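Have a look at the structure below before the remarks.
The values are calculated or read from the model by the stated rules, or taken from the named source; none is laboratory data. Treat the numbers as computed from the prediction; the structure is a model and nothing was measured. Heads up, the Cβs are rebuilt from the backbone with ideal geometry, glycines too, and the neighbour counts pull from every protein chain shown.
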Amino acid sequence: MDTSLKEAILAIITPDPAKVGGGGCPIFLVQDQKEMEKTSMLLARVLGGMVHDLENDVFIIVRH
């Protein structure tokens, strides 16, 4: 039986907490674009997901 998590948003990275909210997904607050890119790449590696840029100062890490 496979009990692994599939097709889910694993993390949200943003400098603006007003753009995201609730839902039970971890939200990582960063200071600027450079930190957002670095944090999202590190989290993607650790979590085994892919980074998606929503083009509104929000990155999400998704497992497909």
Report task. With respect to residue 51, determine if the residue is touching a Gly at 6+ places or on another chain (Cβ under 8 Å) and not in a helix (DSSP H, G or I). Result -> no
Query raised in the report: residue 18: among the hydrophobic types (A, V, I, L, M, F, W, C) and in contact (Cβ under 8 Å) with a residue 12 or more places away in the chain, yes or no?
Result: no
Requested in this report: Assess whether residue 41 counts as being part of a helix (DSSP H, G or I), at negative phi and in contact (Cβ under 8 Å) with a residue 12 or more places away in the chain.
Outcome: no
Report task. Can you confirm whether the range 31-38 contains a residue that is among the aliphatic types (A, V, I, L, M), surrounded by 11 or more Cβ atoms within 10 Å (Cβ to Cβ) and either out of contact with any Asp or Glu (no Cβ under 9 Å at 6 or more places or on another chain) or part of a loop (DSSP other than H, G, I, E, B) (or both)? Result -> no
Query raised in the report: Residue check, residue 53 against (1) touching a strand residue (DSSP E or B) at 6+ places or on another chain (Cβ under 8 Å); (2) of a type in the set (Asp, Glu); (3) touching a residue at least 24 places away in the same chain (Cβ under 8 Å), all met but one. Which one?
Result: (3)
Query raised in the report: Does residue 44 satisfy the condition of being in contact with a Lys or Arg (Cβ under 7 Å, 6 or more places away or on another chain) and surrounded by 11 or more Cβ atoms within 10 Å (Cβ to Cβ)?
Result: no
Requested in this report: Within the range 11-24, track down each residue that is surrounded by 14 or more Cβ atoms within 10 Å (Cβ to Cβ) and modelled with pLDDT under 95.
Outcome: 20
